[in-house]
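The values are calculated or read from the model by the stated rules, or taken from the named source; none is laboratory data. Because the structure is predicted, anything quoted here is derived from the model rather than measured. Don't worry about glycine lacking a Cβ; one is built from the backbone with ideal geometry, like all the others, and counts go over all protein chains shown. To get the accessible areas, we keep the full protein, side chains included, count just its heavy atoms, and leave off ligands, DNA and RNA. Shrake-Rupley method; radii C 1.70, N 1.55, O 1.52, S 1.80 Å.
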Amino acid sequence: GIYARVIDKPAGDAVARGFDLVEGDDDKAAQAEFDRLQVLPNLSNALRLSMLSGGAALIPICDDAASMAAPLNADRVRKISGIRVFSVDDFTVRQKYGDITKENYGEPELYEVRRGTSHLVVHASRIIPVPGDPLALVSEDIPWKGRAVASRLYASISRWSSALDYSLEILKRKQQAVHRMKGLADAISNNLESEVRQRVALVDGVRNALNGVTVDADDDYTVIDLSTGGIRELIAEYQIAVSAECGIPVAILFGRSAAGMNATGEADFEAYYDYLEALQRTKLTPALERITELVLAQDGMRDIGDWFIQWKPLQSTTEKQQADLDKAQAEARAIQAATLDKLIASDMLSAEEGRASLIENGNHYGITNEATPPLSVPDAD
C-alpha cells in the first residue's frame with residue numbers, strides 16, 4: 001500500500017481541485033473541451049508515470065492534415081480527438097536534428113513509441129513531456145528523462161516493511177514459556193525425546209489465560225513476558241525516513257495524528273501543499289499550457305482572448321478562517337485610510353493624491369476617478 005501511496009496520492013491531489021483559465025473572453029467552451037479530453041485525469045496519470053519511471057509524455061491526437069511523424073502546426077489543428085499518456089520507457093530516439101548551425105542540434109526530432117507489439121513514429125513537436133526529478137547529468141537520448149521517485153524510495157520503504165514484519169515476530173514470542181524438568185538431559189540421552197515432547201505438548205495444549213497448569217512436583221513451569229519497549233519508536237524512525245525521501249509528511253502518508261502539546265498538524269499540511277504546488281509549477285503547468293494552446297487552436301475556439309493558467313487553492317478556507325482574513329484586511333484598510341487622512345491634514349498630500357492612492361491599492365470604498373456631480377438644488381417653487 002505505501003509503495004503505491006507515495007506515487008498515487010501526490011499525483012491525484014495535485015490536480016484534485018482543478019484549475020481556472022483566467023482572463024479568457026469565454027472560458028466555458030474551453031472548460032468543456034478540457035472535460036471532453038479528460039485533461040486532468042490524463043495529467044494525473046502522466047505525473048504518476050513520471051514519478052514511477054522517471055518521465056512521461058502526453059501525445060494529443062490532432063486532426064491537422066499531417067502524419068504523426070510530421071511537425072505539428074497548431075494553426076492547422078481542426079480538432080483534437082483525444083490525448084494518450086505514455087511512460088518514458090515507451091520512447092526511443094529514432095532521429096536527431098543534424099544541422100549544427102541550428103539551436104536544436106543534437107536534440108531528438110523523431111521518437112519511436114512502443115507499447116506491446118504496436119509502435120509509432122512521432123515528431124518531437126507532438127510530444128508534451130512531464131519530466132522526472134532532476135538528474136545531475138541530463139540524459140543524452142531523452143532530455144526530459146529524469147530520476148524516478150519510486151527507485152529511491154524502494155530501499156527505505158522495504159526497511160520500514162521489514163521492521164513491521166520483525167515486530168510481528170517479536171509479538172508472537174512476547175510470552176515465552178520455560179519448562180524445567182528434572183532428569184531432562186538423562187531422558188534425552190536415553191532416547192526418550194518423544195516422551196519429553198509429548199509431556200511438554202500436554203502442558204502447552206491446555207495453557208491459556210483461563211486455565212491453570214499442573215506439573216510434577218520436581219518440575220517448574222514459568223512464563224517470561226518479554227519487553228517490547230523501543231519497537232514503536234524504531235518503526236516511527238523508519239516512517240520518518242520514508243517521509244523525508246518522498247516529501248510527504250508522516251501524518252499524511254501513514255495517517256498518524258499529530259503528537260505533542262498544542263500539535264495541530266497544520267505545519268505538516270502546509271509542507272505537503274508546498275510539495276504539491278512545486279509539482280504543479282515544475283511538471284504540470286508547462287504541459288497544461290501546451291495542451292491549452294492546442295485546445296484553443298481548434299476550429300471555433302480561436303476567439304478566446306489572452307489567458308493564463310491558475311490552479312485552484314489546494315486547501316478549502318473555513319468560515320472562521322475567511323472571517324479572520326476579512327477582519328485583518330479591514331483593519332489594514334482602516335490603518336491606511338487613517339494614515340492618508342493624517343497626511344492630507346498636514347498638507348503632505350492633496351485630497352486628489354489621497355483618492356488616487358486609495359484607488360490604486362484597491363481600498364477605494366466606492367470612490368472612483370470620475371468627478372462627483374454637484375447636488376441638484378430644487379427650485380424655490
Could you say whether any residue in the range 64-81 is in contact (Cβ under 8 Å) with a residue 40 or more places away in the chain, open to solvent by 70 Å² or more (accessible area, probe 1.4 Å), in a loop (DSSP other than H, G, I, E, B) and out of contact with any Leu (no Cβ under 8 Å at 6 or more places or on another chain)?
yes
Residues being without any contact (Cβ under 8 Å) to a residue 60 or more places away in the chain and over 19 Å from Gly247 (Cβ atoms): count how many of those fall in the range 147-165.
2
Between a residue in the range 336-350 that is in a loop (DSSP other than H, G, I, E, B) and any residue that is aliphatic (A, V, I, L, M), which pairs come within a Cβ distance under 9 Å, given they are 6 or more apart or on different chains?
Leu349/Leu340; Leu349/Leu343; Ser350/Ile344
For Tyr273: the one exception among (1) of a type outside the set (Val, Ile, Thr); (2) at pLDDT 75 or above; (3) open to solvent by 90 Å² or more (accessible area, probe 1.4 Å)
(3)
Report, by residue number, each residue of the range 140-165 that is open to solvent by less than 40 Å² (accessible area, probe 1.4 Å) and under 29 Å from Asp75 (Cα atoms).
Ile142, Trp144
Condition (residue is of a type in the set (Gly, Ala, Ser), within 23 Å of the chain's Cα centre (by Cα) and over 20 Å from Leu52 (Cα atoms)) applied to the range 215-236: is it met by at least one residue?
yes
Would you point out which residue out of Arg114, Arg173, Arg126, Arg147 is over 26 Å from Ala4 (Cα atoms), of a type in the set (Lys, Arg) and in contact with a strand residue (DSSP E or B) (Cβ under 9 Å, 6 or more places away or on another chain)?
Arg126
So is Ala136 over 16 Å from Ala287 (Cβ atoms) and either aliphatic (A, V, I, L, M) or not in a helix (DSSP H, G or I) (or both) or not?
yes
Members of the range 98-139 found to be exposed (fewer than 11 other Cβ atoms within 10 Å of the Cβ), at negative phi, of a type outside the set (S, T, N, Q) and more than 28 Å from the chain's Cα centre (by Cα), listed by number
Gly98, Asp99, Ile100, Lys102, Glu103
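Yes/no per residue for (1) β-branched (Val, Ile, Thr); (2) more than 30 Å from Ile128 (Cα to Cα); (3) at pLDDT 80 or above:
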site	(1), (2), (3)
Ala278	no, no, yes
Leu284	no, no, yes
Trp311	no, no, yes
Gln322	no, yes, no
Ala345	no, yes, yes
Among the residues in the range 166-174, are any among the hydroxyl-bearing types (Ser, Thr, Tyr), open to solvent by 70 Å² or more (accessible area, probe 1.4 Å) and over 34 Å from the mean Cα position of the chain (by Cα)?
no
Are any of the residues in the range 218-233 among the acidic types (Asp, Glu) and closer than 30 Å to Leu276 by Cβ?
yes
Could you list all residues from the range 116-146 that are of a type in the set (Ser, Thr, Tyr) and without any contact (Cβ under 8 Å) to a residue 40 or more places away in the chain?
Thr117, Ser118, Ser139
In the range 184-211, which residues are at pLDDT below 80 and either open to solvent by 60 Å² or more (accessible area, probe 1.4 Å) or in contact with a helix residue (DSSP H, G or I) (Cβ under 8 Å, 6 or more places away or on another chain) (or both)?
Arg199, Leu202, Asp204, Gly205, Val206, Arg207, Asn208, Ala209, Leu210, Asn211
Test for Val88: is it open to solvent by less than 20 Å² (accessible area, probe 1.4 Å), closer than 22 Å to Trp307 by Cα, at pLDDT 90 or above and of a type in the set (Val, Ile, Thr):
no
Can you spot a residue in the range 35-53 that is among the hydrophobic types (A, V, I, L, M, F, W, C) and part of a strand (DSSP E or B)?
no
Can you tell me which of (1) farther than 30 Å from Leu226 by Cα; (2) within 27 Å of the chain's Cα centre (by Cα); (3) charged (D, E, K, R) is the one Arg159 doesn't meet?
(1)
All but one of (1) on the phi > 0 side of the Ramachandran plot; (2) surrounded by fewer than 16 Cβ atoms within 10 Å (Cβ to Cβ); (3) at pLDDT 90 or above hold for Glu23; state the number of the condition that does not hold.
(3)
Out of everything in the range 27-63 that is modelled with pLDDT under 90 and aliphatic (A, V, I, L, M), what residue ends up being least open to solvent (accessible area, probe 1.4 Å)?
Ala30
